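Structure first, commentary second.
The values are calculated or read from the model by the stated rules, or taken from the named source; none is laboratory data. This structure is a prediction, so every number in the text was calculated from the model and none was measured. Here Cβ is always computed from backbone atoms with ideal geometry, including for glycine, and neighbour counts include all displayed protein chains. The accessibility values were calculated without ligands, DNA or RNA, using every heavy atom of the protein model including side chains. Shrake-Rupley method; radii C 1.70, N 1.55, O 1.52, S 1.80 Å.
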Amino acid sequence: MSLKVPFHLPLVGEDEKREVLESLESGWLTAGPKVKAFEAAFAEHVGARHAIAVSSCTAALHLALLGAGVGPGDEVLTTPLTFCATVNTILETGARPVLVDVDPRTLCMDPEAAARAITPRTRALLPVHYAGYPAPLGAFRDLATKHGLALVDDAAHALGTAVAGVPVGLGTLATCFSFYATKNLATGDGGMVTTDDDELAARLRKLALHGMSRDAWKRFTADGSWRYDVEMLGYKYNMTDPAAALGLAQLRRFQAMQERRLALAGVYDEAMEALGLVAPPRPDVEEGTHAWHLYVVRLVAGGWSFGRDRLIEELKARGIGTSVHYIPIHHHSFYQRELGVRPGDFPHCDAAADTMLSLPLYPRMSDDDQRLVLEALEACRA
Ligand SMILES: *Cc1c(COP(=O)(O)O)cnc(C)c1O
């Protein structure tokens with residue numbers, strides 16, 4: 001059965017098709033000129049000195065943590081309300097993820113709880129801009145400075161977010177973006193690390209391509225050389241040119257896409273209270289601006305005769321796709337075994353996780369699509 005309004009549909013237009021066709025005809029299927037152009041355009045968009053295009057945000061996080069010097073024996077503080085990739089990449093470095101409860105209002109990692117979790121082994125802080133809400137980077141920067149920690153942000157939801165007026169992608173050691181199919185800017189799969197640190201950027205480029213000496217990608221061009229040196233243990237994390245071509249086209253329409261997200265969020269906001277749902281929090285001016293990657297609502301306690309799980313099924317039966325962001329990290333069997341965590345350990349996260357669901361929100365949604373979502377919610381309550 002196909003849904004009337006799926007949880008997500010990508011926006012791919014003529015510009016995307018033209019860019020991808022151009023890249024296919026160029027002879028470059030892997031990292032080449034489109035990747036270079038996308039990196040340059042992205043760095044300029046964010047205002048960062050360096051943007052390193054990679055195959056996913058998972059790759060970006062792994063590289064950024066390695067670049068920050070995180071390894072065995074270290075602890076990295078992060079949130080339990082995130083996608084598994086955030087925590088897995090910490091484990092991949094050999095370090096131990098230490099989960100820290102979220103602020104009950106913003107659902108981003110709580111800086112005061114983070115301060116209490118710092119030990120002599122703590123090496124880095126890895127906050128997530130949850131749903132696109134600006135995480136309090138100022139407070140995390142203070143903690144990082146005071147305790148000599150690296151600050152890396154998971155901005156998989158946060159292209160378009162600004163923290164206290166500063167675009168996400170600046171103001172931390174490194175920022176990691178996702179261009180996964182459902183994210184605010186989509187290349188199918190893809191990711192980016194931004195940083196202002198020249199040395200870190202050079203190191204990340206090497207780590208992303210087998211640890212080979214700089215500009216190894218040029219070795220098949222006229223101005224390249226067949227010679228290269230493997231200088232360290234690296235990975236195969238590069239982006240490909242057709243993906244970067246999609247990214248270039250998506251970046252050109254990014255502002256318009258964000259405006260559509262904001263408009264849809266505004267219409268949802270007006271309707272939530274009457275539906276027995278709590279609208280997501282809105283950041284105030286000091287906090288920054290929201291990228292509206294996700295529209296996460298919570299069921300009002302006592303407002304519904306049934307719970308969240310049933311609501312998801314009822315909406316699906318009416319042709320509306322929804323999702324849950326997330327099943328918390330400490331509810332998964334692997335992390336329970338690996339980290340000794342269990343449901344209930346992070347009360348603010350647990351309370352939100354049981355009553356939350358994400359409604360469809362994407363630029364391709366029409367006003368009619370959104371009306372169908374709201375009507376279906378009303379019908380579920382009747
Ligand atoms: C999507 C996502 C990731 C992983 O992104 P990929 O590009 O799919 O690797 C990491 N963290 C968060 C919070 C995400 O939502």
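When only residues in the stretch 154-170 that are open to solvent by 40 Å² or more (accessible area, probe 1.4 Å) and in a loop (DSSP other than H, G, I, E, B) count, which is nearest to the ligand (Cβ to nearest atom)? Among those that are open to solvent by 40 Å² or more (accessible area, probe 1.4 Å) and in a loop (DSSP other than H, G, I, E, B), it is 164.
Taking the conditions exactly as written (surrounded by fewer than 20 Cβ atoms within 10 Å (Cβ to Cβ), closer than 24 Å to residue 137 by Cβ and of a type outside the set (Phe, Trp, Tyr)), does residue 269 satisfy them or not? In short, no. Taking the numbered list (1) surrounded by fewer than 24 Cβ atoms within 10 Å (Cβ to Cβ); (2) within 16 Å of the ligand (Cβ to nearest atom); (3) outside any loop (DSSP other than H, G, I, E, B) in turn, residue 203 passes all entries but (2). Of all residues in the stretch 128-153, those satisfying the criterion of being among the aliphatic types (A, V, I, L, M) and either modelled with pLDDT under 95 or more than 14 Å from the ligand (Cβ to nearest atom) (or both) are 137, 139, 143, 144, 149, 150, 151.
If you check residue 237 against the conditions, is it open to solvent by 20 Å² or more (accessible area, probe 1.4 Å), aromatic (Phe, Trp, Tyr) and within 20 Å of the chain's Cα centre (by Cα)? Yes; evaluated as a whole, the condition is true for this residue. Residue count for the stretch 224-273, restricted to those that are in contact with a Leu (Cβ under 8 Å, 6 or more places away or on another chain) and among the small types (Gly, Ala, Ser): 4. Just a yes or no: is a residue in the stretch 341-356 touching a His at 6+ places or on another chain (Cβ under 8 Å), among the charged types (D, E, K, R) and within 24 Å of residue 87 (Cβ to Cβ)? Yes: one or more hits. Residues considered: 58, 93. Of these, the only one that is over 21 Å from residue 135 (Cα atoms) and among the polar types (S, T, N, Q) is 93. Residues in the stretch 64-90 that are of a type in the set (A, V, I, L, M, F, W, C) and within 12 Å of the ligand (Cβ to nearest atom) were compared, and the one that is farthest from residue 205 (Cα to Cα) is 81.
Each residue in the stretch 304-344 was checked for being farther than 25 Å from residue 128 by Cα, at pLDDT 95 or above, open to solvent by 60 Å² or more (accessible area, probe 1.4 Å) and in a loop (DSSP other than H, G, I, E, B), and 1 pass.
Inspect the stretch 190-197 for any residue being in contact with a Pro (Cβ under 9 Å, 6 or more places away or on another chain) and open to solvent by 10 Å² or more (accessible area, probe 1.4 Å) and give the result as yes or no. Checked the stretch 190-197: no residue is in contact with a Pro (Cβ under 9 Å, 6 or more places away or on another chain) and open to solvent by 10 Å² or more (accessible area, probe 1.4 Å).
Can you spot a residue in the stretch 118-138 that is under 18 Å from residue 162 (Cβ atoms), in contact with a helix residue (DSSP H, G or I) (Cβ under 8 Å, 6 or more places away or on another chain), open to solvent by 10 Å² or more (accessible area, probe 1.4 Å) and of a type outside the set (Gly, Ala, Ser)?
Looking through the stretch 118-138, at least one residue is under 18 Å from residue 162 (Cβ atoms), in contact with a helix residue (DSSP H, G or I) (Cβ under 8 Å, 6 or more places away or on another chain), open to solvent by 10 Å² or more (accessible area, probe 1.4 Å) and of a type outside the set (Gly, Ala, Ser).
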